Amino acid sequence: MLNFLDYLGNKVVGRYKTMEANIRNRSNSFYDSFLDLLEETVKTILVNENVAFNRSTCGEILREKEVSKFFLEKIKLPSTTYSKILDHIKKINKHKHHNENYLSLEKVISYMEIYYSFLLPYYKYKNVDMPSFDKEYFTKIYGVTLKKSDELDNVSQKLDDLIFATSAKLVDYEARISDLENKSTPKENPNRLNEKEALDSFLKSAKKSYRYLGNKKDFRRKKGWTILSLLLLFIMDIVASIVTTFVYKIYTTFTFLENIYFIFGVMMLTYVIIAKIKYDSGTLAKYSIYKYQQDKYGLYVPKKEKTSFKVFRIIALICPFCNIIVVWYNFSNFPSCITASVIELLFLGSIFFSYLMTTSFFKGYSLIYLEGNNLVEDKETTLVFDPLVKKFFHLEDFQKKVPHLFD
């Protein structure tokens, strides 16, 4: 993390942590979170330096006369950097309209380097130390969450490993409890579980849930984009059916198969609409496009995409090409055939887009909550399994470790 941001306060640090989570997840939400970070940074600097501003958005604020005068004349921010900042804001707004789905490492480096260049003159103006821009840090964290996502498939083994890895700690707890019992009574309780049995019993009896890897704002944004991608799928399915049928004069078998996929789109839309930021593992298994299996601890673990969704998606991907062949084989007139072909290809693109958004959304459920009675400490406990570091944390410690997830 950029520790020097502490100088600007908790709000800026919180915005940065949200943005870094998007870099780790290689999420296109990075653009929105970068703009949030930049806006909070600009406002903080202006408030700290008693520079008045009247607008609310970052781009509008930076275009105000007094604001630009402060940055360009007082703290000596290069005009080229100032122009690049405004250009990046413009690109982010363009991204929102075109829904860019892939976040490249080059763009992460470009955006973070210009943010760094924007801050450097201000820190020099305030005589605050600021380290050199570390390109390798962002290269290292880029997409690390996605690289770890497959590890959920082996979560049972991780739980076993956890039992042995934490046994020393539990032995210490047991020794303390034993000392207290020896002081209160000369007899030991023969029914008291050893540390492995206690942890094993906790893992089996605990209520198991999945939580979305992101705060409520990230969850709502991702959910909204996924719903829009499925609505686009419906629109293109209907339009493609109408246009192709009109051009060919017959409702083809391939169009019928395309329309069948509409049903699976409705099912996916339903799953996304009812989705919550925290899901009981059994409920998520029921309302997800993935097939889940219970491990020996009762946790439903995702294995692979449900067969019906996969088969009909493949069929739906083939059908547009078949319809294009049928339309051109039964050539009526050039404009109609071109229109039908373009619409079918757009429908094909909407299938890809909705699939990527839906799978990305459900892969976001990666944090595992275990809630139950800890027999060692004899109290209700909530543990959180973080797949990024493959460790369990007490909920309170985890909230302190990653506060941006709970903003």
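The values are calculated or read from the model by the stated rules, or taken from the named source; none is laboratory data. All values reported here derive from a predicted model rather than from experimental measurement. Cβ atoms come from the backbone with ideal geometry, glycine included; neighbour counts cover every protein chain shown.
Results for (1) assigned by TED's automatic domain parsing to the domain that holds THR359; (2) hydroxyl-bearing (Ser, Thr, Tyr); (3) within 22 Å of HIS404 (Cβ to Cβ), shown as yes or no for each residue.
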position: THR44; (1), (2), (3): no, yes, yes
position: SER68; (1), (2), (3): no, yes, no
position: LYS76; (1), (2), (3): no, no, no
position: LYS90; (1), (2), (3): no, no, no
position: LEU105; (1), (2), (3): no, no, yes
I'd like to know if the stretch 347-359 contains one or more residues that are touching a residue at least 40 places away in the same chain (Cβ under 8 Å), touching a strand residue (DSSP E or B) at 6+ places or on another chain (Cβ under 8 Å) and under 24 Å from ARG211 (Cβ atoms).
yes
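Quick one: how many residues across the stretch 68-97 are closer than 17 Å to SER117 by Cα, part of a helix (DSSP H, G or I) and either in contact with a strand residue (DSSP E or B) (Cβ under 7 Å, 6 or more places away or on another chain) or among the aliphatic types (A, V, I, L, M) (or both)?
Going residue by residue through the stretch 68-97, those that are closer than 17 Å to SER117 by Cα are 68, 70-89.
Now drop any that are not part of a helix (DSSP H, G or I), which leaves 68, 70-74, 79-89.
Next, from what is left, pick out any that are either in contact with a strand residue (DSSP E or B) (Cβ under 7 Å, 6 or more places away or on another chain) or among the aliphatic types (A, V, I, L, M) (or both): 72, 85-86, 89.
Total satisfying the criteria: 4.
For the stretch 389-404, enumerate the residues that are hydrophobic (A, V, I, L, M, F, W, C), under 19 Å from SER281 (Cβ atoms) and in contact (Cβ under 8 Å) with a residue 40 or more places away in the chain. Let's see the steps before the verdict.
First, the residues of the stretch 389-404 that are hydrophobic (A, V, I, L, M, F, W, C): 389, 392-393, 395, 398, 402.
Retained after the next criterion (residues that are under 19 Å from SER281 (Cβ atoms)): 392-393, 395, 398.
Once the filter is applied, which keeps residues that are hydrophobic (A, V, I, L, M, F, W, C), under 19 Å from SER281 (Cβ atoms) and in contact (Cβ under 8 Å) with a residue 40 or more places away in the chain, the stretch 389-404 yields only PHE392.
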Inspect the stretch 215-234 for any residue being modelled with pLDDT under 90, among the polar types (S, T, N, Q) and surrounded by fewer than 14 Cβ atoms within 10 Å (Cβ to Cβ) and give the result as yes or no.
no
Of ILE263, ILE289, which residue is among the β-branched types (Val, Ile, Thr), out of contact with any Phe, Trp or Tyr (no Cβ under 8 Å at 6 or more places or on another chain) and in the same structural domain as PHE331 (by TED's automatic domain parsing)?
ILE263
Residue under question is PHE4, and the condition is that it be crowded, with 16+ Cβ neighbours inside 10 Å, under 33 Å from the mean Cα position of the chain (by Cα), within 27 Å of ASN215 (Cα to Cα) and of a type outside the set (D, E, K, R); does it hold?
no
Considering TYR355, TYR297, TYR279, which residue is assigned by TED's automatic domain parsing to the domain that holds THR255, in contact with a Phe, Trp or Tyr (Cβ under 7 Å, 6 or more places away or on another chain) and surrounded by 14 or more Cβ atoms within 10 Å (Cβ to Cβ)?
TYR279
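For every residue, the table says whether it meets (1) part of a strand (DSSP E or B); (2) closer than 24 Å to ARG26 by Cβ; (3) at pLDDT below 85.
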residue	(1), (2), (3)
PRO320	no, no, no
SER336	no, no, yes
VAL342	no, no, no
GLY372	yes, no, yes
THR381	yes, no, yes
LEU388	no, yes, yes
GLU396	no, no, no
Hey, can you tell me all the residues within the stretch 267-307 that are hydroxyl-bearing (Ser, Thr, Tyr) and closer than 30 Å to ASP200 by Cα?
TYR279, SER281, THR283, TYR287, SER288, TYR290, TYR292, TYR297, TYR300
Looking only at the stretch 268-285, how many residues end up being under 19 Å from LEU367 (Cβ atoms) and either out of contact with any Ser or Thr (no Cβ under 7 Å at 6 or more places or on another chain) or of a type in the set (D, E, K, R) (or both)?
9
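When you check GLU39 against the structure, is it closer than 15 Å to ILE114 by Cα and either free of Cβ contacts under 8 Å to residues at least 60 places away in the same chain or not assigned by TED's automatic domain parsing to the domain that holds LYS223 (or both), yes or no?
So GLU39 passes the test.
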Considering only the stretch 49-80, state which residues are under 15 Å from PRO121 (Cα atoms) and surrounded by fewer than 17 Cβ atoms within 10 Å (Cβ to Cβ).
GLU49, SER68, LYS69, LEU72, GLU73, LYS74, ILE75, LYS76, PRO78, SER79, THR80
